[in-house]
Amino acid sequence: MRPVTATALIAGALACIVATPARAAEYHSALKVRGVQYDAPGRDSHSCSSGNTDEEYLTIKNYSTTATINLKGYVVKDATGNRFTFTAVHYLQPGDYVKLRGGHGTDSDQRNVVYRDNCNFLWNNDRDTIYLYKPSGSRSDVHSYTKRGSDSDGNGYIGYHA
């Protein structure tokens with residue numbers, strides 16, 4: 001009777017494991033993508049002088065209540081491999097945020113803005129996935145959107161956000 005009971009318990013445990021849905025990976029980081037303005041208002045133009053790439057931005061927020069985070073070395077990528085690396089020191093106090101904008105401009109801690117110094121659009125207008133990596137190379141966050149719905153800081157639907 002004991003071997004039958006043990007077999008039944010093992011079978012039951014395996015059924016529970018198989019029936020449990022997979023969970024999204026959790027990333028232990030206070031730095032997260034808050035939202036994205038991926039479809040800049042107006043007609044898209046890659047021109048630095050008359051374009052609208054500075055109206056396309058990604059907001060990254062420090063959700064820590066105690067830690068100040070230096071963005072230097074953090075990397076932002078999209079699903080196709082386009083990337084931006086924060087090369088300068090930029091501190092985010094607890095609860096603070098920064099907008100990573102396209103185009104050219106003057107980075108400012110006071111105005112919470114960093115420019116990519118590139119007039120090409122980075123985010124797709126219909127959907128994309130944004131990856132945020134720590135300087136160590138480990139993943140800090142993933143943020144996906146689609147054109148349907150509303151993004152908390154942009155104009156897309158948050159399909160996945162770890």
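Estimated at 0.36 nm per residue, the fully extended path between Asn82 and Asp96 surpasses their Cα-Cα distance by 2.5 nm. Compared with the alpha-carbon gap, the fully stretched path from Ala67 to Lys134 is longer by 22.6 nm at 0.36 nm per residue. Straight-line cross-link reach from Lys147 at under 19 Å between alpha-carbon atoms covers these aspartates and glutamates, not counting any fewer than eight positions away in the same chain: Asp39, Asp44, Glu55, Glu56, Asp78, Asp126, Asp128. Electrostatic bookkeeping for Asn112 treats Lys and Arg as +1 and Asp and Glu as -1; over the other residues with beta carbon under 11 Å from its beta carbon, the sum is +1.
Straight-distance candidates among the lysines for linking to Lys61, with alpha-carbon spacing under 16 Å and chain neighbours fewer than 8 residues away dropped: Lys32, Lys72, Lys99, Lys134.
A short reminder: the numbers here are calculations on the coordinates, not readings from a lab. Just so we're clear, the structure is a prediction, and the values are computed from it rather than from any experiment. So basically every Cβ, Gly included, is an ideal-geometry build from the backbone, and we count neighbours across all protein chains shown.
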